[in-house]
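The next block holds one structure in the form of structure tokens; read it before the comments.
The values are calculated or read from the model by the stated rules, or taken from the named source; none is laboratory data. Because the structure is predicted, anything quoted here is derived from the model rather than measured. Quick reminder, even Gly has a Cβ in these numbers, built from the backbone with ideal geometry, and neighbours come from all protein chains shown. Protein only, heavy atoms only, side chains kept; ligands, DNA and RNA dropped before computing areas. Shrake-Rupley method; radii C 1.70, N 1.55, O 1.52, S 1.80 Å.
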Amino acid sequence: MGSFLSPQLKRLLSYSAPYRFSMGLGVALLLVLGVAEAVIGLMIKPIIDRVLNPAAPDSNVVLFAIPHGPTFYLNHLFPHSIHNVWAVVSISLLVVFVVKSLAEVGGSTLVQFAGLRALTDFRNEVYAKIIRQPIGFFQQQSAGRVMSAVINDVERARPALSEYLAEVFRQTFSFFAFLSVLLYVDWRMALCCAIFLPLIAWPIGRLGRRIRQSVESSQNKLGELNQILQETVAGNRVVKAFGMEDFEIGKFRAAARRLLRETMRWVRAQVISSPLMDLLLPVVISLLLLYARDKIRHEQLTIGLFFTFLYALLKSYEPVKRMGAVYQQLQQAQGATTQVFAYLDMKEEEHDAPDAVELPAFSREIGFDNVSFSYDTAPVLRDISFLARKGELVAFVGSSGAGKTTLVNLIPRFYEVTGGAIRMDGADLRKVTLRSLRGQIAMVTQENILFYDTVWNNICYGQSDVSRERVVQAAQAALAHDFIQELPQGYDTLIGERGTRLSGGQRQRIAIARAILKDSPILILDEATSELDSESELYVQKALSNLMVGRTTFVIAHRLGTIRKADKILVLEDGQIKESGTHAELLARGGSYARLHDLQFADQDAVTPAGAAPSEPIKSSNPT
């Protein structure tokens, strides 16, 4: 079967290797099935020449006999009382069909079982590969296309690893069983019929390649549909707010039409192959009748043997036809999994260096030493140097695109520095294990991701066997316990996809409770209050104040009023630190920070109603 399969299909089928015992037993049963099919064909001769021939004797039952060849009698296999030709043939047929049915059920079940387990392993490996990709992968790849690859593309491979795999063995054994019958009855007639096989194989091969290319393209079109669906479901409020329902429906329909056109290309190629093969069948049978008529006239061939040959020929044509369809289905599976294997061949996120060590508990300082970072070839950060001591609050400000988020993402090694080094208590972060590093860091971002799960499981995410007392204490510190208690099932309430059943402030407080429960010494806050209303911001700021107690905190600040008490403020411009100091020092300097401060508070004075209280600043806790 090697030439029948491309390297990519061989790679797909290799996932069934761990289940070779089930596969081998299933193949053996399918081999029995093929032998049973051949025996049924051979029994046509005694049925026609003996059972249906009134002039034939009613004893010495012959299963088959070839002129000038061996003869096999059945009567010695049965008791003396069962030598009637009808009884012997009927019992033999019953036994053969029972064996055939059991072999077919057992063989197909075992082969498909092995194939489906292989598919499960394949799907799990694809998901694991994608989830271990670096942050940049998810920024570049369409979420809809990734989802389509893991779900739809892998599902298109399911038939290749289950029913088509069983079908390959079944039809292969059946073909060779019937071929043996054809050669046994009359090898000359068999060879004459075989000359038409190339006329069948050539168009199947050509059409198969076209099918593979079209299926690969149609899977990309299906990914477009998934992307549109994912975006419009996630952004349904924006769609409705702008009255764009008809626009999005039109876009979806256009993508669906493109998918339809591409799908019809491989459908047309698939359906035309069977009629092409059927056109050859009457030609073969006509030539066979012409040859057999003369052989029967000269008593070189009995009518029973002729019908045996004809039955075997028609039944051998069925595997050839079916294998053509299976080949095309395998080509579909190959086209569908092209993108999946492209994902599997990608490098995973760089984990631990060969000599990586466990990072000890953070105790003194984190230092950036001339750190640079480039994304592909574009420089993002250049010569970043500063020191953050234990318990300090370090804030980063600057215009959008200055590199603030990229900078804090270097600390947990979401990206690897391309120049310089980041050190924690003197240890280069590139030389420590990722697990020991990230275990000491908690994050609260502007758009916190909550999972379609209970409040409890979202707070306990990443931790197991946590006591209820600790979870409740974390929720209380995050000012979340009260509203959680008011939910329909309390901590066991499902919060919907991405926490959509909660308000923005409630989602943030759940995320803060999760960070408090993790109890990491280092905290990263990425504009955690920038999209909240004043009341929600007040609650979240108080929760953040509780979270920051005793921790070294890095804050990306959107509102400068929240970082007045920061121990150190770094102003970033074009990927470089332009200014550094406290709030008072930077205002006195009259540079970029003072300009940003004046612009922001001038805007606030213009829109803040008289008598409104300013927002409460985040207070740093810096234990001595």
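Compare the peptides 141-149, 383-391 by average per-residue count of other Cβ atoms within 10 angstrom and give them in order, highest first.
141-149, 383-391
Over 19 Å between Cα atoms: which of Lys129/Lys347; Lys518/Lys568; Lys100/Lys315; Lys542/Lys565; Lys404/Lys578 fall into that group?
Values: Lys129/Lys347 9 Å; Lys518/Lys568 25 Å; Lys100/Lys315 15 Å; Lys542/Lys565 14 Å; Lys404/Lys578 13 Å.
Over 19 Å Cα-Cα: Lys518/Lys568.
On the protein heavy atoms, probe 1.4 angstrom, tell me the percent of accessible surface of region 434-589 carried by carbon and sulfur.
On the way: 3070 of 7040 Å².
Within region 434-589, the accessible surface is 44 percent carbon and sulfur.
For region 374-448, just say rounded, prolate or oblate: build the C-alpha gyration tensor, square-root its eigenvalues into a ≥ b ≥ c, call rounded for a/c under 1.5, and beyond that prolate if a/b exceeds b/c, oblate if not. Please list the in-between numbers first.
Details: a/c = 1.40, a/b = 1.17, b/c = 1.20.
Cα axes put region 374-448 in the rounded bin.
Can you bin region 332-463 into rounded, prolate or oblate? Criterion: square roots of the alpha carbon gyration tensor eigenvalues sorted a ≥ b ≥ c, rounded for a/c under 1.5, prolate for a/b above b/c, oblate for the rest.
Values: a/c = 1.58, a/b = 1.34, b/c = 1.18.
Cα axes put region 332-463 in the prolate bin.
Say each of Arg430 and Leu260 gets a label point 7 Å from the Cα, pointing the same way as Cα to Cβ; how far apart are those two points in nm?
The answer from the label model is 5.5 nm.
Set the Förster distance to 51 Å, then compute FRET efficiency between Leu102 and Met346 from the Cβ-Cβ distance, nearest 0.05. Walk me through the intermediate numbers first.
Details: r = 46 Å, r/R0 = 0.90.
According to the calculation, E is roughly 0.65.
Could you work out how much longer the chain between Ser372 and Ile296 gets when fully extended? Use 0.36 nm per residue separation minus the Cα distance between them, nm to one decimal.
Numbers: separation 76, 0.36 × 76 = 27.36 nm, distance 9.07 nm.
Contour length minus the Cα-Cα distance gives 18.3 nm.
Just how large is the dipole of region 381-508 about the Cα centre, in debye to the nearest 20, putting +1 at every Lys and Arg Cβ and -1 at every Asp and Glu Cβ? If you can, show how the numbers build up before the last one.
Details: 15 positive and 13 negative charges, 108 e Å.
Once rounded to the nearest 20, the dipole reads 520 debye.
Nearest 0.05, what FRET efficiency do Arg501 and Asn124 give at R0 = 22 Å with Cβ-Cβ as r? Provide the component values of the computation, followed by the final result.
Working: r = 30 Å, r/R0 = 1.38.
That gives a FRET efficiency of 0.15.
Starting from the Cα of Asn236, step 7 Å toward the Cβ, then list every residue of region 471-505 with an amide N under 19 Å from that point.
Once the point is set 7 Å along Cα→Cβ of Asn236, 494-504 turn out to lie under 19 Å by backbone N, inside region 471-505.
Kindly rank 449-462, 503-516, 308-321 from highest to lowest mean number of other beta carbons found within 10 Å of each residue.
Working: 449-462: 17.7, 503-516: 24.6, 308-321: 20.6.
Ranked from most to least packed, the peptides come out as 503-516, 308-321, 449-462.
In region 346-424, what percent of the accessible surface is made up of carbon and sulfur (1.4 Å probe, ligands and nucleic acids excluded)? List each step's numbers first, then the result.
Details: 1860 of 3730 Å².
Carbon plus sulfur share of accessible area: 50 percent.
Along the positive direction of the dipole of region 322-456 (beta-carbon charges: Lys, Arg +1; Asp, Glu -1; about the Cα centre), which of Asn370, Tyr343, Gln446 reaches farthest?
In region 322-456, that residue is Gln446.
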